[in-house]
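Written out below as structure tokens is the structure these notes cover.
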Amino acid sequence: MRRFTFDRRYAVESLKAYLFLLPSLVVLSIFVFWPIGFSLVLSFFKWDFKHQKNPVFIGWENYAKLFRLEGMPFNFLDSLLLSLSFLALGLLILFSVRLYFERRKYWILAVSLMVFVSTRFYLNRMSIILLLLFLSSLSFFILFLVRRYPDNWRNMMNSTFSTLFFIVFVYMLLRWYAGGTHDVLGYLLVAKEKSDFIKAIYNTLYYVVLSTPTMIFLALGIALLLNKPLIFRAFFRTSYFVPFVTSVVAISLVWKWIFNDDFGLLNYFLSWFNIDKIAWLKDEKWTIPTIAIVSIWKTVGYDAMIFLAGLQNIDRFYYEAAEVDGANAWQKFVYITWPLLSPTTFFILIVSMIAAFKVFTEVYVLYEGLPGPYNNSGLTIVYFIFDTFYQQQRMGYACAAAYVLFSIILVLTLIQFGIGRKKVQYEG
């Protein structure tokens, strides 16, 4: 049995370290930890202007009210079952394609099963014929690619990303053929008009999906250019980074003039190409893209600098070895730059996604304190929380919405960390 020994010197050093950290811990406890814990408790209370001094405990009622819908034309369970059927058919098509490569004799059986399952979705005869023609054409095209580039395409078919992309593509194709307005996606499209909070989630997800990949793609391209021996390279690096340190309010006000319908610069430039004026700040369909443009312009320089730091940390030895082997610029990027940039990309993806879920200031400034031009087209989750808390004085309800946002970000971050452990490559 190991005997416990007291190290007085180590204990004194640890005590000194915690004494130095004590002021920071006190400040964090007052302004961070206590509000987080107190808001969680308040989310289970009815605490509004009428009950400000005597909150009433209502349990999960605030959370249930966020997702409560009335007058829905179809049931969520039926929509879920239909979506699961579409996903099952997508998996079946994917497996049939792989069987076509590995065991040709099962191809006819797979096609027969697909036709049988397709008829369960009440597809008309022409839709089934078009579906089979599409699958046949796709199969012959992939077979041609596999024969010409066997290793690359076999690896691609086995990768997680291509598998998910293929299933989603088939799902959307079948949904279009079947007129799938009663699946989960159709349910959400109807539900967002029945609940402000669901619409806020929809708008926020739309903004995240639109802005985050675009920002990463543009930042990587800018970083690759700034990594080359250009003239005035320091000037360009500073120019791209300046918007990030500029006030969001100032940037949003400038872009509000740029988006102006009558004398805005953006519509003026579009007129050079004979494109009609776009009502950027008045048309519902342009609300989220408009917000995304402002956010991307502000943040892309910061992400580019992070990518640039990652590029400069890649040892030149890899590129020199690739040049000796006769690799071209694209092969260097695919097999050296991109894999070794995966830790940087992973960091930017996590930070950008969390920041995108918290979008608020751009909406508030561009639309002068309103959630979009009309129909709540710019209502995001943070704007919903702000409006519920400060305007409607429903503090408990707003706290519940805040913790739903926290849960969404936490789940997506954990998923990204799980994927990152398998996909992120570290040098050495």
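All of the numbers you see were taken from the coordinates with simple rules; none came from a lab. Predicted model only: the values in this text are computed from it and were never measured. Here the Cβ positions follow ideal geometry from the backbone for every residue, glycine too, while neighbour counts run over all protein chains shown.
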Going from the fewest other Cβ atoms within 10 Å to the most, one would list Trp280, Trp34, Trp297 as Trp34, Trp297, Trp280
On the formula 1/(1 + (r/R0)^6), with r taken between the Cβ atoms of Gln393 and Ser29 and R0 of 35 Å, the FRET efficiency rounded to 0.05 is 0.80
If the chain between Lys50 and Tyr18 were fully extended at 0.36 nm per residue, the gain over the current Cα-Cα distance would be 7.1 nm
Taking alpha-carbon centroids only, segment 375-428 lies from segment 201-224 a number of Å equal to 16 Å
Hits in segment 226-246: amide N under 11 Å from the 7 Å Cα→Cβ extension of Glu323, namely none
Rg (one decimal) and Dmax (whole number) from the Cα set of segment 8-66, in Å, equal 19.1, 57
Once normalised by the length of segment 215-306, the mean sequence separation of its alpha carbon contacts under 8 Å that are 6 or more apart gives a contact order in percent of 44 percent
Each label sits 7 Å from Cα toward the beta-carbon; between Arg8 and Phe360 the label points are separated, in nm, by 5.3 nm
1/(1 + (r/R0)^6) with r = Cβ-Cβ of Leu265 and Tyr206, R0 = 30 Å, i.e. FRET efficiency to nearest 0.05, evaluates to 0.70
Full extension between Leu224 and Lys194 adds, at 0.36 nm per residue less the Cα distance, a length in nm of 6.2 nm
With label points set 7 Å from each Cα along the Cα-to-Cβ direction at Gln416 and Ala250, the distance between them in nm comes to 2.8 nm
With 0.36 nm assigned to each residue of separation and the Cα-Cα distance removed, Asn375 to Phe273 gains 33.6 nm
Rounded to one decimal in nm, the spacing of the 7 Å Cα→Cβ label points at Asn313 and Asn75 is 5.4 nm
By Cβ neighbour count within 10 Å, fewest first, Trp286, Trp47 rank Trp286, Trp47
A correct fewest-to-most ranking of Ile385, Ile288, Ile258 by other Cβ atoms within 10 Å would be Ile258, Ile385, Ile288
